[in-house]
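In what follows, a single structure is set out as structure tokens and then discussed.
The values are calculated or read from the model by the stated rules, or taken from the named source; none is laboratory data. Computed from a prediction, not measured in an experiment: that's the story for all the values here. Note: ideal-geometry Cβ built from the backbone for every residue, glycine included; neighbour counts use all protein chains shown.
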Amino acid sequence: MSDSFLLSSSVAFGDVDRDNLLTLQGAFKLLQEAAIAHANLYDTGTDAMLTRGESWVLKRMAVAIDRYPRYGEALRVETWSTGIRGSVGNRDFRVDAADGQTVMRASSLWLYISVRAKAVVKVPPEIADRFPSRSGDVFCPELQALAFDAPDSKAAASLPVSLRYSDVDANDHVNNTVYLDLLQTALSRLGCPPRPGSVRIKYGGGIPGSTAAVEVRLAPAAGGGRIFSIASGDEVFAVGSCA
């Protein structure tokens, strides 16, 4: 069996913006679907949540978007594990257009959890040992060691954003892809370019499904671009940078 998984897809109308271009959330949804489909082949995706009460939770992601595909454009999403160690799984992605041009690359870090116990657990050996991996092809090898700075809540521009019923997933928290919709909404409404070419994000505790709204905070980054956080009061649910 191949060490990677291929997902053939196209840009859906529900995932484009006012300019018929893929949204940030739409881009992350493509990656999420490929990751879940690959994990399900080895009983460690959504099937594991139903049968064993276990699930992967995304903790870090670094994405480079060379261009935002248009509505209806055919895409090929390739994903592969770059190693499972204990409770940590690393996964990479590449998204190619029909002409073979790579439009997106990403690296991600996931934690394996017991949904019932609400605790991080080791990936069962019978799964970790047989899951294929490719160690030499990593977009962001420094992902686990990256430092993330949160903007000063008093100095940052901020935007309150309401959450909806559809934002909450089967883990009973706001789905990781929604955070990118929150970010893109804030970028647009606060007068920043809404389509960054790179995004790095570190997820904290999940946003509970009962949360009515969060605050997105933005501030200039020292080396260019912006740093951001998604928070409610003093509780920070995610921090990251975009440029």
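Checking each residue in the range 125-152 for being out of contact with any Ser or Thr (no Cβ under 8 Å at 6 or more places or on another chain) and outside any loop (DSSP other than H, G, I, E, B) picks out P125, E126, A128, Q144, A145.
Here is a yes/no grid of residues against (1) assigned to a loop (DSSP other than H, G, I, E, B); (2) at pLDDT below 95:
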residue	(1), (2)
L30	no, no
Y42	yes, yes
L50	no, yes
W56	no, yes
K59	no, no
A62	no, no
W80	no, no
I84	no, yes
D92	no, no
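Restricting R91, R60, R70 to those that are surrounded by fewer than 14 Cβ atoms within 10 Å (Cβ to Cβ) and under 23 Å from V199 (Cβ atoms) reduces the list to R70. Just to be sure, is D99 at pLDDT below 95 and part of a loop (DSSP other than H, G, I, E, B)? Here the answer is no, as D99 does not meet what is asked. Limited to the range 81-102, what total is found for residues that are among the small types (G, A, S), over 30 Å from I113 (Cβ atoms) and out of contact with any strand residue (DSSP E or B) (no Cβ under 7 Å at 6 or more places or on another chain)? Adding up the residues that qualify gives 1.
Just checking: which of the strands (runs of 3 or more DSSP E) contained wholly in the range 153-243 hold 2 or more residues that are surrounded by fewer than 15 Cβ atoms within 10 Å (Cβ to Cβ) and either in contact (Cβ under 8 Å) with a residue 12 or more places away in the chain or within 18 Å of the chain's Cα centre (by Cα) (or both)?
The qualifying strands (runs of 3 or more DSSP E) are 157-162.
Test T23 against the criterion of being in contact with a His (Cβ under 6 Å, 6 or more places away or on another chain) and modelled with pLDDT of 95 or more, and give yes or no. Here the answer is no, as T23 does not meet what is asked.
Okay, residues lined up against (1) buried (at least 22 other Cβ atoms within 10 Å of the Cβ); (2) without any contact (Cβ under 8 Å) to a residue 12 or more places away in the chain; (3) within 20 Å of A12 (Cβ to Cβ):
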{"position": "E33", "(1), (2), (3)": "no, no, yes"}
{"position": "T79", "(1), (2), (3)": "yes, no, yes"}
{"position": "G83", "(1), (2), (3)": "no, no, no"}
{"position": "G100", "(1), (2), (3)": "no, yes, no"}
{"position": "K122", "(1), (2), (3)": "no, no, no"}
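Within the range 106-120, being part of a strand (DSSP E or B), small (G, A, S) and surrounded by fewer than 19 Cβ atoms within 10 Å (Cβ to Cβ) holds for S114, A119.
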